[in-house]
1. Any chance you could count how many residues in region 18-33 are within 16 Å of ILE47 (Cβ to Cβ) and within 13 Å of the chain's Cα centre (by Cα)?
2. Go through (1) closer than 21 Å to GLU151 by Cα; (2) in contact with a Leu (Cβ under 7 Å, 6 or more places away or on another chain) one by one and return the number of the condition GLY31 breaks.
3. Do you know which of the residues in region 115-128 that are of a type outside the set (A, V, I, L, M, F, W, C) and touching an Asp or Glu at 6+ places or on another chain (Cβ under 7 Å) is nearest to GLY66 (Cα to Cα)?
4. For region 95-114, which positions are closer than 23 Å to ASN70 by Cα and in contact with a helix residue (DSSP H, G or I) (Cβ under 8 Å, 6 or more places away or on another chain)?
5. For region 77-140, please list each of the helices (runs of 4 or more DSSP H) lying entirely inside it that holds at least 2 residues being open to solvent by 50 Å² or more (accessible area, probe 1.4 Å) and either within 30 Å of THR49 (Cα to Cα) or touching a residue at least 40 places away in the same chain (Cβ under 8 Å) (or both).
6. Among LEU109, LEU104, which is the only one that is of a type outside the set (Gly, Ala, Ser), touching a strand residue (DSSP E or B) at 6+ places or on another chain (Cβ under 6 Å) and modelled with pLDDT under 90?
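The values are calculated or read from the model by the stated rules, or taken from the named source; none is laboratory data. These numbers come from a predicted model, not from an experiment. Don't worry about glycine lacking a Cβ; one is built from the backbone with ideal geometry, like all the others, and counts go over all protein chains shown. Ligands, DNA and RNA are excluded from the accessible area calculation, which covers all protein heavy atoms including side chains. Shrake-Rupley method; radii C 1.70, N 1.55, O 1.52, S 1.80 Å.
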Amino acid sequence: MSAKPIIFQTPYVARLLQANRFTLNRLMIRGGIETSFGSRGQGRQLIFTVEDVSKAAVAYWLFRSGLRMNAIRDALVHRNTKDLCARLTDINEIKKAASEVEFLVTWRLAKGNKAWQEIRLESDVAGLERLLEQRDQFGFVVVPIGRLLRELADRISASSGG
């Protein structure tokens, strides 16, 4: 028998992320971030699973780090970010990912008229330093993803009584 899934509505997700509800809703719409349940529309409420909360959290942390919406959308579809978000299905997986990845590093790459967001996940300061020292890269944004994931897992755990 599987455990009962933990689900949240938008106002509670905003509290979990310590975000303004309006900002979070706008980020979800403009970022094209879908939840597992619920639909957009006047008076409709989105229902978030733990995985949905985790994806919204990554988007929100990128937003708070100063990335614009195009960069956030690019970052969310990047293989490294998609793989990370796909792993964040419950509290234990969030804690495990937090212990394995300390930093999410992103920067914009341009080739001709096309630009896209590059993402690397680093497990320690040494890896972060090596990446930041590369002379052909610039415009880095470093998100302390490990700490943020640990805090998120603690808040979800406290909210679910676990």
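1. The number of residues fulfilling the criteria is 3.
2. With respect to (1) closer than 21 Å to GLU151 by Cα; (2) in contact with a Leu (Cβ under 7 Å, 6 or more places away or on another chain), GLY31 is out only on (1).
3. Kept after step one, since they are of a type outside the set (A, V, I, L, M, F, W, C), are these residues of region 115-128: 117-118, 120, 122-124, 127.
In the following step, the residues that additionally are touching an Asp or Glu at 6+ places or on another chain (Cβ under 7 Å) were identified as 117, 122-124.
Values: GLN117: 13, GLU122: 20, SER123: 22, ASP124: 22 Å.
Among them, the one singled out is GLN117.
4. Applying the first criterion (closer than 23 Å to ASN70 by Cα) to region 95-114 yields 103-114.
Within region 95-114, PHE103, LEU104, VAL105, THR106, ARG108 qualify.
5. Values: elements: 79-87, 91-100, 125-132.
Result: 79-87, 91-100.
6. Details: LEU104 fails: modelled with pLDDT under 90.
That would be LEU109, the only listed residue that is of a type outside the set (Gly, Ala, Ser), touching a strand residue (DSSP E or B) at 6+ places or on another chain (Cβ under 6 Å) and modelled with pLDDT under 90.
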